[in-house]
């Protein structure tokens, strides 16, 4: 994290672009207004920032990375859930917010080298894995096959469609998309699949024994994904998940993100599945 | 016995004057209406001379006697925590101009405070919170500045109240580290003083105190031994507690205690080690400036685990279990220390008399 004196105080950042993704989902592209800070800012795939909205407060949001590979910009895709995100929906280009970060652990991009990479996401869980996917594509020869699996409730909830098409047309890469809704409301335009992401396991044509799985979605989904891929032959230590909990401080002080002995903000949010399986299993922990 | 000095009661004012001359605000336990809690003092007469406290599950009472002691009570209602990690404070502010530009500014307020009379359990509470706010991945600059400007005069216990259980945790009602000076009061006489830092030595040098006599030092140790003997609560060895609690997350006792617990959070508010807090904005009406506040929160609050539309610990059973397992088990994984000092405040201030020691014993037996 970038900070000198105080880990609690944000830095000013400017919205350089506001992209409406869906009726309640939007993406903001940001840069720090201090050019020096902007040039120093560095993050790894899977990390998150605390975004501050004037007069309302801060919220922890994963960094999507820059879909257009512009340097010195970072993006967040946000869904309206509470007070702060509702206020953020009204932001416009040129507006200022506060940023603290980046925080947390990152996806195992080094461990994934030489392996087939399977990205499995559900709902808005695709946002925290965009950067990891782009990282594989940028360094294509260092990784094996890339498989991107994404599940959504119904086809109208799909965001990043252009990006998925681009990925699907990339070398050694294939995108599998499924809606759990039996009849997507798409007037026949839906060209992707139906059902659940795990249904694709038999057709991925990867070497499961030498694959790495990175998954983000609701906890029951991540557990189901982890179990299914382990059953298919992926080594448990090669399955990674990202856990979400309330965060007020992001620096391990406020206590809100505790899950057993873990502070998700600094010990996570990205974990090897065997390191957190026992914690996810206990109701109310 | 030359490492023990003696401060007669008549010379407390000299010590306070010396500290005040060095720029310290002196804070000590003080009697206020129906309780003894920390407050600013300027002179020896401000100390709670002759007062005693009664503490039992859900019970606290202060009585006055003719005894000639300033520290005849066992424990103030509050710990030192609020002086370092404030119950509520502005941690930064942001000004917004007409163009919407945001100017952030940290707010770091601190003063030199000498705490006269810190019980050993509260001293350990400071040591535990140091690991959260000062010896962690990120520090809180406010906490660090306050700690750097703090002078700690420990006051060893000469008796225990019925909720005390530091001995059951493997500690003792005697300060062993983390103090500038440690004192033990001898009734009708004064304090046997021990030096714990260069700052402490400088203060004693300035006062030119005489060495304590062998008899005075022996008397002080006997007083502490009396406090040890006064504690009746027992627990299994702490390592065993730590393991057993996490191995019994579905124990029926969690339902039992949840049926009594009100989820009021009193225990967390009086605890010297609880560090949970929330943050919120308090904007001015003009929309030109916001103060960002940090305020104590409690894992007993239903909002504590609210995340993105889900409440992970909706059932009070899970909230009590989070509090107890954190204090007595997962704290070790997080901070390489236990999360409890055995001060017993959570027992005293529980409106339904839940005794954490009984709960642990019920689960770990």
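Out of all the residues in the range B:210-217, is one or more over 30 Å from residue B:353 (Cβ atoms), in a strand (DSSP E or B) and in the same structural domain as residue B:49 (by TED's automatic domain parsing)? Yes - at least one qualifying residue is present in the range B:210-217. Taking the range A:1-56 and the strands (runs of 3 or more DSSP E) fully enclosed by it, the elements with 2 or more residues that are crowded, with 21+ Cβ neighbours inside 10 Å, touching a strand residue (DSSP E or B) at 6+ places or on another chain (Cβ under 6 Å) and modelled with pLDDT of 90 or more are at A:25-32, A:48-53. Within the range A:263-279, the set of residues being more than 7 Å from chain B (Cβ to nearest Cβ), touching a strand residue (DSSP E or B) at 6+ places or on another chain (Cβ under 8 Å) and either at pLDDT below 95 or within 28 Å of residue B:135 (Cβ to Cβ) (or both) comprises A:264, A:265, A:268, A:269, A:270, A:271, A:272, A:276, A:279. Any chance the range A:125-134 includes a residue that's within 14 Å of chain B (Cβ to nearest Cβ), touching a strand residue (DSSP E or B) at 6+ places or on another chain (Cβ under 9 Å) and within 30 Å of residue B:291 (Cβ to Cβ)? So far as the range A:125-134 goes, no, none of its residues is within 14 Å of chain B (Cβ to nearest Cβ), touching a strand residue (DSSP E or B) at 6+ places or on another chain (Cβ under 9 Å) and within 30 Å of residue B:291 (Cβ to Cβ).
Could you list, in sequence order, the residues of the range B:93-126 that are away from chain A (no Cβ under 14 Å) and surrounded by fewer than 18 Cβ atoms within 10 Å (Cβ to Cβ)? Selection gives B:111, B:112. Scanning the range A:99-139 for residues that are part of a strand (DSSP E or B) and buried (at least 22 other Cβ atoms within 10 Å of the Cβ) yields A:99, A:100, A:101, A:103, A:116, A:117, A:118, A:119, A:120, A:121, A:122. Here residue B:339 does not qualify as under 25 Å from residue B:119 (Cβ atoms) and touching a strand residue (DSSP E or B) at 6+ places or on another chain (Cβ under 7 Å). A single member of B:352, B:341 is surrounded by fewer than 19 Cβ atoms within 10 Å (Cβ to Cβ) and under 22 Å from residue B:162 (Cβ atoms), and it is B:352.
In the range B:136-184, of all residues being assigned to a loop (DSSP other than H, G, I, E, B) and within 14 Å of chain A (Cβ to nearest Cβ), the one that is surrounded by the most Cβ atoms within 10 Å (Cβ to Cβ) corresponds to B:140. The residues listed here are A:188, A:195, A:260; of these, the one that is out of contact with any strand residue (DSSP E or B) (no Cβ under 7 Å at 6 or more places or on another chain) and at pLDDT below 95 is A:188.
When you scan the range A:38-54, how many residues do you find that are more than 25 Å from residue B:293 (Cα to Cα) and out of contact with any helix residue (DSSP H, G or I) (no Cβ under 9 Å at 6 or more places or on another chain)?
Initial filter on the range A:38-54 (more than 25 Å from residue B:293 (Cα to Cα)): A:38-47.
Then keep just the ones that are out of contact with any helix residue (DSSP H, G or I) (no Cβ under 9 Å at 6 or more places or on another chain); that gives A:38-42.
Residues flagged as more than 25 Å from residue B:293 (Cα to Cα) and out of contact with any helix residue (DSSP H, G or I) (no Cβ under 9 Å at 6 or more places or on another chain) within the range A:38-54 amount to 5.
Inspect all residues belonging to the range A:47-69 and state whether any of them is on the phi > 0 side of the Ramachandran plot, over 15 Å from the mean Cα position of the chain (by Cα) and away from chain B (no Cβ under 14 Å). There is at least one residue in the range A:47-69 that is on the phi > 0 side of the Ramachandran plot, over 15 Å from the mean Cα position of the chain (by Cα) and away from chain B (no Cβ under 14 Å).
Do the conditions hold for residue A:86, that is, is it closer than 18 Å to residue B:283 by Cβ, within 14 Å of chain B (Cβ to nearest Cβ) and out of contact with any strand residue (DSSP E or B) (no Cβ under 7 Å at 6 or more places or on another chain)? Spelling it out, residue A:86 is indeed closer than 18 Å to residue B:283 by Cβ, within 14 Å of chain B (Cβ to nearest Cβ) and out of contact with any strand residue (DSSP E or B) (no Cβ under 7 Å at 6 or more places or on another chain). Tell me the residue from A:144, A:193 that is touching a helix residue (DSSP H, G or I) at 6+ places or on another chain (Cβ under 8 Å) and surrounded by fewer than 18 Cβ atoms within 10 Å (Cβ to Cβ), please. After ruling out the rest, the residue left standing is A:193.
Examine the range A:216-230 for a residue that is surrounded by fewer than 17 Cβ atoms within 10 Å (Cβ to Cβ), more than 30 Å from residue A:6 (Cβ to Cβ), more than 10 Å from chain B (Cβ to nearest Cβ) and without any contact (Cβ under 8 Å) to a residue 60 or more places away in the chain, and state whether such a residue exists.
Checking the range A:216-230: at least one residue is surrounded by fewer than 17 Cβ atoms within 10 Å (Cβ to Cβ), more than 30 Å from residue A:6 (Cβ to Cβ), more than 10 Å from chain B (Cβ to nearest Cβ) and without any contact (Cβ under 8 Å) to a residue 60 or more places away in the chain.
The values are calculated or read from the model by the stated rules, or taken from the named source; none is laboratory data. Quick caveat: nothing in here was measured; it's all calculated off a predicted structure. Cβ coordinates were reconstructed from backbone atoms using ideal geometry, including for glycine residues, and neighbour counts include every protein chain displayed.
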